[in-house]
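Have a look at the structure below, then the notes.
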4 protein chains.
Amino acid sequence: MQDDKPSYKEYLQLNKILGSQKLRSEVLDKPVHDEMLFIIIHQTYELWFKQIIHEILSVVEYFEDNSINETNINTVVLRLERINDIQKLTIKKIEILESMTPMDFLEFRDLLNPASGFQSVQFRIIENLLGLKRTNRLKYSKQEYTKFLSKDDKISVEKYENQKTLFDVVESWLERTPFLKDSEFNFWEAYKKSVTLMLDNDVKLINKNTYLSNDGKKEQIDNYKKIYENYDLLFDSNKYNKLLKSGKIKISQKASLAALFIMLYRDEPLLHAPYKLLTKLIDIDHSLNSWRYSHALLAKRMIGNKIGTGGSSGYNYLKKTMDKHSVFNDFSNLSTYLIPKSALPVLPEKLKNKLGYYFNNKDN
Amino acid sequence: MQDDKPSYKEYLQLNKILGSQKLRSEVLDKPVHDEMLFIIIHQTYELWFKQIIHEILSVVEYFEDNSINETNINTVVLRLERINDIQKLTIKKIEILESMTPMDFLEFRDLLNPASGFQSVQFRIIENLLGLKRTNRLKYSKQEYTKFLSKDDKISVEKYENQKTLFDVVESWLERTPFLKDSEFNFWEAYKKSVTLMLDNDVKLINKNTYLSNDGKKEQIDNYKKIYENYDLLFDSNKYNKLLKSGKIKISQKASLAALFIMLYRDEPLLHAPYKLLTKLIDIDHSLNSWRYSHALLAKRMIGNKIGTGGSSGYNYLKKTMDKHSVFNDFSNLSTYLIPKSALPVLPEKLKNKLGYYFNNKDN
Amino acid sequence: MQDDKPSYKEYLQLNKILGSQKLRSEVLDKPVHDEMLFIIIHQTYELWFKQIIHEILSVVEYFEDNSINETNINTVVLRLERINDIQKLTIKKIEILESMTPMDFLEFRDLLNPASGFQSVQFRIIENLLGLKRTNRLKYSKQEYTKFLSKDDKISVEKYENQKTLFDVVESWLERTPFLKDSEFNFWEAYKKSVTLMLDNDVKLINKNTYLSNDGKKEQIDNYKKIYENYDLLFDSNKYNKLLKSGKIKISQKASLAALFIMLYRDEPLLHAPYKLLTKLIDIDHSLNSWRYSHALLAKRMIGNKIGTGGSSGYNYLKKTMDKHSVFNDFSNLSTYLIPKSALPVLPEKLKNKLGYYFNNKDN
Amino acid sequence: MQDDKPSYKEYLQLNKILGSQKLRSEVLDKPVHDEMLFIIIHQTYELWFKQIIHEILSVVEYFEDNSINETNINTVVLRLERINDIQKLTIKKIEILESMTPMDFLEFRDLLNPASGFQSVQFRIIENLLGLKRTNRLKYSKQEYTKFLSKDDKISVEKYENQKTLFDVVESWLERTPFLKDSEFNFWEAYKKSVTLMLDNDVKLINKNTYLSNDGKKEQIDNYKKIYENYDLLFDSNKYNKLLKSGKIKISQKASLAALFIMLYRDEPLLHAPYKLLTKLIDIDHSLNSWRYSHALLAKRMIGNKIGTGGSSGYNYLKKTMDKHSVFNDFSNLSTYLIPKSALPVLPEKLKNKLGYYFNNKDN
């Protein structure tokens, strides 16, 4: 068969793919049957990680070129959607590993030492590429995560810490959003008015809630005070930037504002794809957390409170990273600031036209 | 059509089932399209909750009769398995609710006030029936959970607090396990010896782990000190009962020991079904927590940091209940005490026979 | 509690929902435990059917008003997507019913007679609303499907046979597509040229395929002759309409052509949503068929070759409806006519502008 | 790092796994982004196929040794269960490939020629190992399936045609089942009596079914005549063997009878695992068919009626293999012969004891 006419097997390089499963337990009297599953499931994980990296890189490239536009944004959304679909599959896949019982795992666990999923370079690259900063990483056994990697792997992951991340390019793109303010319309001011009305109404509902004790009401009204304060933060650059510096918020005020505009006016044709894009980023974050949680449960089931093969205290470490390693939670938190369509400031006709298609624009 | 020959529609009482969707948003100029989804998804949840209760009650009944035996234990396992399958479906179902956007929800959210999923009587009954004690419940707005229920509903849920729970009957059944000690074999002593060997080996591995700093090693060896102490607790009744009283452990020492025996010797025919039973209880706990987490994420996506329709601060409340409302975590923690098959004390032949089938018993 | 402040239980009408499970097997000495599952799973199916009907009706309404436009088409797509998500859930749900064994089912099967899923009015309405014509329905025991329904139910389902279906409104909408032909551009002609090139190339590939025997080549080239003939049909109104009359094709030539245009130029902003719409219709058809197949397998597992409770020979009937009851298969068959992007006729700039947004139109 | 202390990357041989994706479309001006997905998804399929083969081989080995017993049968069931879980995952995975649109695929489809999934050696090995006979295979383009494989691959797949298959070993094992006939109990005779009663009852129900027309009744009663004849076949060795020879039935009369006994008395402890084993074989068959159907739908969506890259007419070929390549359908058809528990012949006490555990045997 000529090189330029590969067979199925050659095309997929199956000799290499299917020749890469060497059981460590072969040194025992009897190899452990389930080690094959352990190897293969991790290899499929790594293949999917490669695919996820392939997709994120292509998305970042679209944004970096400044070539993101109304035609290719749909491609970007499709690729983020695909990432999320892959994530859901990998969560589902954990169920198969559950068919290996803790005692089956114990049979070969010691032979793996010190190999550990904690050393997955690609998983760290995914986290870095999405936008997880070193300063936001949970330390493990008081060590930097790179401490557990070989020299070459350390270089690989750090490379992605120092280049534009998905978070970075999305933030810049949001900051470039036009439409938010012109002579006719000031989104910020119009929105401020509407939101105040709504919050006041919520407080009234709490006060009227007959199920709540006085203490309960107090607690929730205190909660609302925080929400009012949150709004103040949105409006007050000084306060906002203070939060940014403290790390409690990650996204810039300008980008935050644009994201909110997109969420609120998502029905306008031009904003539909940007809205889906933001939604998918939230989905990706959530799925990553669901994966971490399923993995934490698996670790607990497999080794209880014992340390993992890489020295990790498994369940606790993974569970703690759920919130701590989130990258796009500022976007899901924006739901706090949404208001019902009926309360939404009406857009001036000129702006509405701009957000529509050329084809059905009344001017034409 | 005669009463004793129902049609499909009569059998399923579809007139009632399909006639129970009244949109609150009908009072608005235009009913909100997505409210139908909101109602129907919750109704299907409640139907599944009814089914789960039906299954748990039947399982508890088997145990309570003292009629649990080697024939019907398979039925019990099957029903627990079914509960878990239903749980997985309900987690999956949350994805459909995600097709309703936060702003769609805002359109009718205020009309629901103060109705809230927090008031689901059946969900509380499930928690109670599994074995969640009042003292272990997370308070909500500093209130007992019954505070948010009507008088009748309060009576319904409290009834299940005061009767035998699944936890109770499983614990008693475990305590009745024979086999653990006779003139020939003392499981406790034999196991103690094996486990000490294994732990000593784990500590050696940590000391040899070149990836770990000295601080890291120290942290993990301290961790192992705790594990050694945990074993002490298993062996020392005084210490164990102290933990029981403190609420850190829920299951009795005797039941704990029996569960461990079952897990370790699960390959013996008689122990296979008991082993699956314990596994399914862990699964049910985990699935309930995954459900709580998906629900927490949904709450965050829908209303951000705002309070839920029932006055709950959504995400945080649900996330906190994940560990706190676990009922069977003592069983998943038992994995800490497992040892590889190769290190397992050998059972005396007589005991091995007892755990086998009559048919292929060598005596016959 | 006042009527306008419903509790969770009142809002969801749980008294009715949870009070509608009456086991037929209560007449036996001991009610059959699994009949509850049988009832509840069917009730959740019917609730989801109601939701699907709610979504289809709303979609048809958008189209019927002639008010389908670039803003609300995204809503339409979202609702079709939701229908498909619900379908996937209902397929998944069948797995739970599999936890009931055939012999458990036999315990109460006779008591159900003659009730049968075949009598589900809502399922027939869904088929009718999508666009399944009476003439395309597989007869069952040589009878019309309405023969198995009560008088009222017959009226309900026939009502939806005689009003605009999703198929009808989508077809009309496609027929109204502008852009396909103007002074500058004739899509039909341009496409014809490109496609001929591509097909000729495919035939060459077959001839060069060394794996194929001469007979094999002949068979496939004959297959290509049919494809060439298919193209002729697309172009030749007389031939096309003959096929339409024979029932082998369901969609009009004009609509077919427009659908193809949308599929080929889906990257243009204005065509993105229409493309997703067509894709979702294919998905809905496929999911319905997967559901039918899972159901057929279930029937076989439960009752083998015996007749179902409604008198249906289960497996065979359901399996035959898979292809026969498809409504949108003309759309999936359109893939036959796709060509690679690189071979696609280039659109004149003026048309390309029309398919873009007003905002980034170069004229502005 | 020493060879006996592999890192995560070395253990999983990630250099080979992640270095095996070479895009054919690199020869184009711009590599096609989605080809990476196409390669990786197929590589993960092949990895899972390897795992499935690993499981089937281990199961066959247990049976071949004649070492299948009451202890390890649970292991066998667990491994079949795992195979089925993997199958479900691979069906789910097809959804991800659907995120590649037909036109994306067309971009690089020609470059793959003549590589085709039809050439997957491992998939053929799975079919062979399960027990698919050459004579039952659907020919493709009038050719043997081995015609499309390289010489070496042909040898690989044919090796598994000529050794014991899962079907073979299960059949032998069933034929060895004791218990079916002794001085006290003749299962065959007792069952024959019970079943006649039940069938007569079914016929009565049809006759009384008011929904059915006379023609409908006639059709179904004719159907029952066939069922009666089926029973005759079960009882009459001459007739049975005739069917065997014709290929309409695959499993021997003796094995058929034993399988029925297991299904009917599955509640007896000793029969529980054998029952699950039969159920899992049915599941594996069904999942394989669901996979074929999903794959057929994908083929249709991707290339319509065009031939696949391997020369296959995709949809039709795959759809036809669904029934034709089933291996264990005789087991699912056995449901035809099930009868309700209440109608089941009562087992003599001595036999009942034999089917129980030694431990709780009344003799002891």
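The values are calculated or read from the model by the stated rules, or taken from the named source; none is laboratory data. Everything numeric here is computed off the predicted structure, so don't read it as measured data. We place every Cβ from the backbone using ideal geometry, glycine too, and count neighbours over all the protein chains shown. SASA here: full protein model, heavy atoms, side chains in, ligands and nucleic acids out. Shrake-Rupley method; radii C 1.70, N 1.55, O 1.52, S 1.80 Å.
Per-residue accessible area for residue D:108 at 1.4 Å probe radius, Å² rounded to 10?
Ignoring ligands and nucleic acids, residue D:108 comes out at about 0 Å².
Which angle between 0 and 90 degrees, to the nearest 10, do you get for helix C:269-303 versus the longest principal axis of chain C when only C-alpha atoms count?
Roughly 40 degrees between the two axes.
Ignoring everything but the protein chains, give the 1.4 Å probe accessible area of residue D:57 in square angstrom, nearest 10.
We get 60 Å² for residue D:57.
If you count only protein heavy atoms and use a 1.4 Å probe, how large is the accessible surface of residue C:267, to the nearest 10 Å²?
We get 50 Å² for residue C:267.
7 Å from Cα along Cα→Cβ at both residue C:144 and residue A:190: what's the point-to-point distance in nm?
Going from the residue C:144 label point to the residue A:190 one covers 5.6 nm.
Using r as the Cβ-Cβ distance of residue B:237 and residue A:208, and R0 as 60 Å, what FRET efficiency do you calculate, to the nearest 0.05? It would help to have the intermediate numbers written out before the result.
Values: r = 54 Å, r/R0 = 0.91.
Here the calculated transfer efficiency is 0.65.
Averaging over all projection directions, find the projected area of the Cα convex hull of segment C:231-288 and quote it in nm² with one decimal place.
Directional mean of the projected Cα hull area for segment C:231-288 stands at 4.6 nm².
Compute from the Cα atoms of segment A:53-99 the Rg and the Dmax, the latter being the longest Cα-Cα distance, and quote both in angstrom.
Here Rg and the maximum Cα pair distance are 14.4, 47 Å.
So with the 1.4 Å probe, I'd like the accessible area per residue for the protein assembly as shown, rounded to whole Å². Could you put the intermediate results ahead of the total?
On the way: 57830 Å² over 1456 residues.
Dividing the accessible area of the protein assembly as shown by its residue count gives 40 Å².
Which FRET efficiency value, to the nearest 0.05, is calculated for residue D:197 and residue D:66 with the Förster distance at 30 angstrom and r the Cβ-Cβ distance? Before the final figure, lay out the partial values.
Details: r = 39 Å, r/R0 = 1.29.
It comes out at approximately 0.20.
Computed on protein heavy atoms with a 1.4 Å probe, what is the summed buried accessible area for the chain pair C and B, in Å² to the nearest 100?
On the way: alone 21580 and 21640 Å², together 37360 Å².
Heavy-atom accessible area buried at this interface is about 5900 Å².
Translational diffusion coefficient, Stokes-Einstein: compute it for the protein assembly as shown using the Kirkwood radius over C-alpha pairs as Rh, at 20 °C and 1.002 mPa s, and state it as an integer in µm² s⁻¹.
This corresponds to a translational diffusion coefficient of 62 µm²/s.
Beyond 20 Å, what percent of the Cα pairs of segment A:129-227 remain?
Working: 3257 of 4851 pairs.
Here the long-distance tail beyond 20 Å is 67 percent of all Cα pairs in segment A:129-227.
Taking the Cα of residue C:229, stepping 7 Å toward and past its beta carbon, and measuring to each backbone N in segment C:182-206: which are under 19 Å?
C:196, C:199-200, C:203
Amide H to amide H under 5 Å from residue D:357: which residues, 5+ apart in sequence or cross-chain, H placed 1.01 Å off N in plane?
The list, which skips near neighbours in sequence, is B:358.
Compare each residue of segment C:131-163 in its chain alone against the assembly with all protein chains, and report those whose accessible area goes down by 30 Å² or more; 1.4 Å probe, heavy atoms.
C:141, C:142, C:143, C:147, C:148, C:153
Using alpha-carbon pairs under 8 Å, 6+ residues apart, how would you state the relative contact order of chain D in percent? Show your work: numbers first, answer last.
Values: 310 pairs, mean separation 84.7, N = 364.
Result for chain D is 23 percent.
Assigning unit charges at the beta carbon (Lys, Arg +1; Asp, Glu -1) and nothing else, what dipole magnitude in debye, to the nearest 20, does segment B:165-214 show about its Cα centre? Walk me through the intermediate numbers first.
Numbers: 6 positive and 8 negative charges, 70 e Å.
Computed about the Cα centre, the dipole is about 340 debye.
Tell me, how many Å apart are the Cα centres for segment D:61-93 and for segment B:1-46?
Rounded to whole Å, the Cα centres lie 43 Å apart.
Can you give me the % of accessible surface on chain B that is carbon or sulfur? Probe 1.4 Å, all protein chains present, nothing else counted. The partial results should precede the final answer.
On the way: 7330 of 14500 Å².
Carbon and sulfur: 51 percent of the exposed surface of chain B.
In Å and on Cα atoms, what radius of gyration and Dmax does segment C:207-324 show?
Cα only, segment C:207-324: 20.2, 55 Å (Rg, Dmax).
Quick check: the angle from helix C:102-112's long axis to the longest principal axis of chain C, C-alpha only, nearest 10 degrees?
Between helix and principal axis, roughly 80 degrees.
So for segment C:14-171, what percent of the C-alpha to C-alpha distances run longer than 19 Å? Intermediate results must be reported in sequence, preceding the final value.
Working: 7960 of 12403 pairs.
Of all Cα-Cα pairs in segment C:14-171, 64 percent lie more than 19 Å apart.
In degrees from 0 to 90, rounded to the nearest 10, what is the angle of the helix A:35-64 Cα long axis to the longest principal axis of chain A?
40 degrees
Using only the heavy atoms of the protein chains and a 1.4 Å probe, how would A:226, D:50, C:181, C:354 rank by accessible area, largest first? Please list the in-between numbers first.
Numbers: A:226 120, D:50 45, C:181 150, C:354 80 Å².
The most accessible residue leads, giving C:181, A:226, C:354, D:50.
Suppose each label sits 7 Å from its Cα in the direction of the beta carbon; what would the residue A:350-residue C:222 distance come out to in nanometres?
7.0 nm
Need one number: convex hull volume per residue for chain C, Cα atoms only, in Å³.
On the way: hull volume 76.4 nm³, N = 364.
Per residue, the Cα convex hull of chain C comes to 210 Å³.
Grab the other residues whose beta carbon is less than 11 angstrom from that of residue B:182, score K and R as +1, D and E as -1, and report the net.
Details: positive: B:181, B:350, B:354; negative: B:184.
That works out to +2.
For every helix of n ≥ 4 consecutive DSSP H residues, a contribution of -39,500 (n - 2.57) applies; sum these over chain B, divide by its total residues, and give [θ] at 222 nm rounded to the nearest 500 deg cm²/dmol. Write down the numbers at each step before the final one.
Numbers: 16 runs with 228 residues, N = 364.
Mean residue ellipticity at 222 nm (helix-derived): -20500 deg cm²/dmol.
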